[in-house]
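The values are calculated or read from the model by the stated rules, or taken from the named source; none is laboratory data. All values reported here derive from a predicted model rather than from experimental measurement. We place every Cβ from the backbone using ideal geometry, glycine too, and count neighbours over all the protein chains shown. The protein model used for the area step is the full one, side chains on, heavy atoms only, and it has no ligands, DNA or RNA in it. Shrake-Rupley method; radii C 1.70, N 1.55, O 1.52, S 1.80 Å.
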Amino acid sequence: MHLLVVDDSSTMRRIIINTLKKLGHNEIIEASNGREAIDRLAKDRVDLVITDWNMPEMSGIEFVRSVRTSRSREQLPILMVTTNAAHDDIVAAVEAGVNNYVVKPFTPETMREKIQAVTAGVEGGA
Amino acid sequence: MKDHLIAHLVAATHEVFETMAGTTLRSCPPIEPSAFAPMANVVATVGFAGGISGLVTLYSGFAAARAITGAMLGMEAAEVNGEMPDAMGEMANMIAGLFRSKLVAEGLPCDISIPTVTVGSDFSTRYGSEVTRVLCPFEMGNEEIFVGLALTGN
Ligand SMILES: [Mg+2]
């Protein structure tokens, strides 16, 4: 499974990638904001997107909305990893097209469960 | 400063350090910052604005900042190099984010900013006079760090 990790913090990208590698995922690419992530999606194969919400240039929510305007990416699994944990935040994220939600700070176990939930049925899903 | 805001900030700080850095902090009584300015080399700040507005700031020395960064990334503190400012910004982001969630749950909707981080050895942070402040000290092993809350115009 090919994963795209989108976060403006290089620390958080590294923490997420360390976690993903421990969970057996090795094909991982990165982007530091929504605009870069759109470029990566256009060029690379991606089976699961893990994205932050608060980012400069283009936020995670704007990025997800943009992804969902493409017919071929209507079903692309998207997991949002964010500190925005209020009920209204989660509603807004789901309305934008997010499939599931991890609240920071998170444990590796939570990450594993949420990835499993969004990739059930995806080829090569862990 | 209202006590429940301080309690929320302290709880958020403990949870972020335990979950993301595997570090248990010992909290000490809050300080009135007019009488005390923390000596810090690394100052990471996240603003929040809305029904309540202000700043959450994480202050630490170089040694503590390297230890925190190493713990987050699973590396030795001595190996930490350029990673430290971003890591401290992300710690402040998560503390402010958890704090903000508690405010929203109490009916005080607000949004948080992207973190800003200052690193150096000869600077001080000042606020306008309309700011209410509190500093929460924490012991992390032999190091001391501080998490500050400043409220503006509330
Ligand atoms: Mg971010």
Can you find a residue that is farther than 24 Å from B:Leu98 by Cα and open to solvent by less than 30 Å² (accessible area, probe 1.4 Å) anywhere in segment A:85-103?
no
Any residue in segment A:32-50 that is under 20 Å from A:Met111 (Cβ atoms) sitting within a Cβ distance under 8 Å of a residue that is of a type outside the set (A, V, I, L, M) and open to solvent by 80 Å² or more (accessible area, probe 1.4 Å)? List the pairs, counting only those 6 or more apart or interchain.
A:Asp47/A:Glu123
Can you name every residue in segment A:1-56 that is over 10 Å from the mean Cα position of the chain (by Cα), within 16 Å of the ligand (Cβ to nearest atom) and part of a loop (DSSP other than H, G, I, E, B)?
A:Asp8, A:Ser9, A:Ser32, A:Asn33, A:Asn54, A:Met55, A:Pro56
Residues of segment B:49-62 being within 12 Å of B:Ala92 (Cα to Cα) and open to solvent by less than 30 Å² (accessible area, probe 1.4 Å), in sequence order, are B:Val56, B:Thr57, B:Leu58, B:Tyr59, B:Ser60
Somewhere in segment B:108-118, is a residue of a type in the set (Gly, Ala, Ser) and closer than 18 Å to B:His14 by Cα?
no
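Every residue, every condition in (1) surrounded by fewer than 16 Cβ atoms within 10 Å (Cβ to Cβ); (2) within 11 Å of another protein chain (Cβ to nearest Cβ); (3) among the acidic types (Asp, Glu), yes or no:
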site	(1), (2), (3)
B:Glu32	yes, no, yes
B:Thr45	no, no, no
B:Ala64	no, no, no
B:Gly74	yes, yes, no
B:Ala105	yes, yes, no
B:Cys136	no, no, no
B:Met140	no, no, no
Can you tell me how many residues in segment A:12-34 are within 20 Å of A:Arg73 (Cβ to Cβ) and surrounded by fewer than 17 Cβ atoms within 10 Å (Cβ to Cβ)?
1
